[in-house]
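Everything below concerns the one structure shown next.
The values are calculated or read from the model by the stated rules, or taken from the named source; none is laboratory data. No experiment lies behind these values; they were computed from the predicted model shown. Methodologically, a virtual Cβ is constructed for each residue, glycine included, from the backbone with ideal geometry; neighbour enumeration extends over all protein chains shown. Heads up: the accessible areas ignore ligands, DNA and RNA and are worked out on the full protein's heavy atoms, side chains in. Shrake-Rupley method; radii C 1.70, N 1.55, O 1.52, S 1.80 Å.
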Amino acid sequence: MPRAVRFDHYGGVDVLHVVEVDRPVPGHDQVLVRVEAAGINPGEAAIREGAMAERWPATFPSGQGSDLAGVVEETGSAVKTVSVGDEIIGFTNNRASQAELVVVDADHLVRRPAHVSGEQAGALFVAGTTAYATVRAVSLKAGETVVVSGAAGGVGSIAVQLAGIAGARVLGLAAAENHAWLADHGVVPVAYGDGVAERIRAASGGKIDAFIDTFGSGYVELALELGVAPDRIDTIIDFEAAAKHGVKTDGNGAAASADVLAELAGMIEAGRLEIPIARVYRLDDVREAYRDLARRHTHGKIVLIP
């Protein structure tokens with residue numbers, strides 16, 4: 001029997017278990033995928049902890065995960081876009097990708113280009129489409145300057161690259177150990193912490209056009225202090241500050257489509273975009289993977305492999 005991550009009630013990582021489940025059966029317009037890699041994301045932890053219970057309640061027993069990459073194992077009778085044996089990238093809205101086998105709607109899949117690794121592909125959907133949405137939300141123009149907080153994290157490390165592709169000058173807030181990676185990717189690294197506003201002003205020459213906040217903890221207020229207009233600020237985490245100050249909150253939901261996923265995969269294939277992989281854990285080590293994520297100091301994405 002295939003195995004999958006499950007939890008039976010809200011709580012910390014200790015409620016997570018890897019259990020045997022019935023083999024999923026695809027519907028007529030669905031595909032059964034043998035998962036090779038599945039990224040993990042902060043939103044999944046928030047749902048499992050019950051922090052999102054009013055908006056996105058769990059039905060127990062619940063699975064976890066949206067991101068996935070794998071191989072088509074079986075197709076429904078109406079599926080014409082992929083075939084058994086195809087390597088794919090995709091997503092599910094059913095909290096189910098952290099498993100050995102998962103049923104996915106056929107229109108949630110794209111073919112995995114030959115030079116995109118399974119780990120990058122499996123980590124792409126949530127972080128990639130979130131980063132895509134943030135860059136689009138702040139309406140960057142060539143030559144403008146944008147600041148990205150959490151610039152070495154799962155979303156931030158993609159957002160800084162997409163902002164650069166858009167022609168912007170990018171300042172990335174990150175710990176010192178990540179500055180070399182940022183500089184290698186055309187980003188001006190800036191240390192966070194006390195005095196960050198002065199360091200940003202010095203690095204930017206005093207003109208900041210936009211701000212992308214992937215970390216929270218006061219960065220919306222910092223952006224306003226730096227003179228950024230509210231409609232050029234996007235936060236994916238500090239919703240209280242967004243409501244107070246009228247800034248944007250575009251994230252995964254604003255760009256969650258197979259078309260965007262295919263565009264991002266094409267950028268990776270063309271060598272224009274990199275998805276840094278912080279660490280890879282076996283499915284059995286899902287608890288430790290989420291403990292690692294909770295420390296909020298990873299460079300890039302954490303990935304589970306069955």
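The table that follows gives values for the structure above.
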| quantity | calculated |
| --- | --- |
| Count - residues of segment 89-107 that are more than 20 Å from the chain's Cα centre (by Cα), part of a loop (DSSP other than H, G, I, E, B) and of a type in the set (Gly, Ala, Ser) | 0 |
| Filtered residue count, segment 67-113, keeping only those that are among the polar types (S, T, N, Q) and open to solvent by less than 50 Å² (accessible area, probe 1.4 Å) | 4 |
| Residues of segment 14-59 that turn out to be part of a loop (DSSP other than H, G, I, E, B) and of a type in the set (A, V, I, L, M, F, W, C), as a count | 9 |
| Pair list, Cβ < 7 Å and 6+ apart or interchain, from segment 14-40 residues that are within 20 Å of Arg112 (Cα to Cα) and open to solvent by less than 20 Å² (accessible area, probe 1.4 Å) to residues that are assigned to a helix (DSSP H, G or I) and among the hydrophobic types (A, V, I, L, M, F, W, C) | Val31/Ala106; Ala37/Ala121; Gly39/Val126; Gly39/Ala127; Ile40/Ala289; Ile40/Leu293 |
| Search result, residues across segment 245-260 that are over 30 Å from Arg111 (Cα atoms) and touching a residue at least 24 places away in the same chain (Cβ under 8 Å) | His245, Val247, Lys248 |
| Count of segment 114-133 residues which are open to solvent by less than 30 Å² (accessible area, probe 1.4 Å) and either among the acidic types (Asp, Glu) or over 19 Å from Gly65 (Cα atoms) (or both) | 2 |
| Within segment 268-296, considering residues that are surrounded by 20 or more Cβ atoms within 10 Å (Cβ to Cβ) and assigned to a helix (DSSP H, G or I), the one farthest from the chain's Cα centre (by Cα) | Val286 |
| Tabulated pairs, segment 89-116, first within 22 Å of Val18 (Cα to Cα), second charged (D, E, K, R) and open to solvent by 20 Å² or more (accessible area, probe 1.4 Å), C-beta under 7 angstrom, 6+ apart or interchain | Ala99/Arg3; Glu100/Arg3; Glu100/Arg34; Leu101/Arg23; Leu101/Arg34; Leu101/Glu73 |
| Single unsatisfied condition, Ala168 versus (1) open to solvent by less than 40 Å² (accessible area, probe 1.4 Å); (2) under 14 Å from Pro276 (Cβ atoms) | (2) |
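Listed here are the residues, each with its yes/no results for (1) under 21 Å from Arg291 (Cα atoms); (2) modelled with pLDDT of 95 or more; (3) hydrophobic (A, V, I, L, M, F, W, C); (4) within 22 Å of the chain's Cα centre (by Cα).
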| residue | (1), (2), (3), (4) |
| --- | --- |
| Tyr10 | yes, yes, no, no |
| Asp14 | yes, yes, no, no |
| Val18 | yes, yes, yes, no |
| Asp22 | no, yes, no, no |
| Leu32 | no, yes, yes, no |
| Ala37 | yes, yes, yes, yes |
| Gly43 | yes, no, no, yes |
| Ala51 | yes, no, yes, yes |
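Each row is one residue, and each column tells you yes or no for (1) in a helix (DSSP H, G or I); (2) hydroxyl-bearing (Ser, Thr, Tyr); (3) open to solvent by less than 10 Å² (accessible area, probe 1.4 Å).
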| position | (1), (2), (3) |
| --- | --- |
| Val135 | yes, no, no |
| Ala151 | no, no, yes |
| Ser157 | yes, yes, yes |
| His179 | yes, no, no |
| Ala183 | yes, no, no |
| Arg199 | yes, no, no |
| Phe215 | no, no, no |
| Leu222 | yes, no, no |
